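The values are calculated or read from the model by the stated rules, or taken from the named source; none is laboratory data. All figures in this text were calculated on a predicted structure; none of them were measured in a lab. Neighbour counts are summed over all protein chains in view; Cβ atoms, including those assigned to glycine, are modelled from backbone coordinates with ideal geometry. Ligands, DNA and RNA are stripped out before the accessible areas are found, and what is left, the full protein with its side chains, is counted by its heavy atoms. Shrake-Rupley method; radii C 1.70, N 1.55, O 1.52, S 1.80 Å.
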Amino acid sequence: MKNTLTMLGAAALVCALPTAGTATAHASGAMIDGLGFVDGQAGKGNRASRQTSRTGNQSQRQTSRTGNQSQRQTTRTGNTETRTESRNDIASDRTDARSDVASDRTDARSDFAQDNWRGYYAARPVGYRVAALPASYTRVVIAGSPYFYHSGIYYTSVAGGYVVVAAPVGARIAVLPAGYRAVVWQGSTYYYVNDTYYTLDSATNAYVVVRKPAGIVVVK
């Protein structure tokens, strides 16, 4: 009886173990070997997935670097243009300031000259006597009588010096004194200064003293 049980146990053990040299097919195509298995197709898929992921990451990093470089280049270009515009604005402001200063100086010199001339003439009305004529005067002879002209003022000689007189009609000068005003009256142009009226002789380009035109009014 014992021998019979022993044989039955051995037979059962033999039936429980897999037959040597046999294998069972796995669903993925790999072979089960003992207690473990190797899935070759899955390994290839994982490697391909990792390669695709690395390629995608590299492409993304390259795109990011390109975008950053483009943004930095755009920023540098914008900064350069801003600095250029700023320098141009500063240069333009400096030019305008210098132009304004030059214009102010010119106006100031013109006002100073006119004010000095008015003061000079106001201090020498008709009848005003001087011991000597100003420098660079001009001698004018009218109807045989000598006159001396300087800066819009006419003199004649008297004992002990010279006296200011009204401008003699017919006197001719090359340049009008400062402060004159052009007045158009009845189709003719007159130049008024120092209570004196001049007309232009186009043949000689000289200004000739004339009598005051009848009816003309000059607002001083």
ask   = Considering only residues of the range 158-181 that are open to solvent by 70 Å² or more (accessible area, probe 1.4 Å) and not in a loop (DSSP other than H, G, I, E, B), which is nearest to Ala203 (Cα to Cα)?
value = Arg172
key: Single condition Tyr147 does not satisfy, out of (1) modelled with pLDDT of 95 or more; (2) open to solvent by 80 Å² or more (accessible area, probe 1.4 Å); (3) not polar (S, T, N, Q)   = (2)
ask   = Quick check, is Gly215 at pLDDT below 95 and not in a strand (DSSP E or B)?
value = yes
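Can we say Asp201 is closer than 22 Å to Val218 by Cα, modelled with pLDDT of 95 or more and not aliphatic (A, V, I, L, M)?
Taking the combined requirement at face value, the residue satisfies it.
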query = Which residue pairs have Cβ atoms closer than 9 Å, lie 6 or more positions apart in sequence or on different chains, and pair a first residue in the range 136-148 that is touching a residue at least 12 places away in the same chain (Cβ under 8 Å) with a second residue that is outside any strand (DSSP E or B) and open to solvent by 50 Å² or more (accessible area, probe 1.4 Å)?
reply = Thr138/Ala174; Ile142/Val169; Phe148/Tyr137
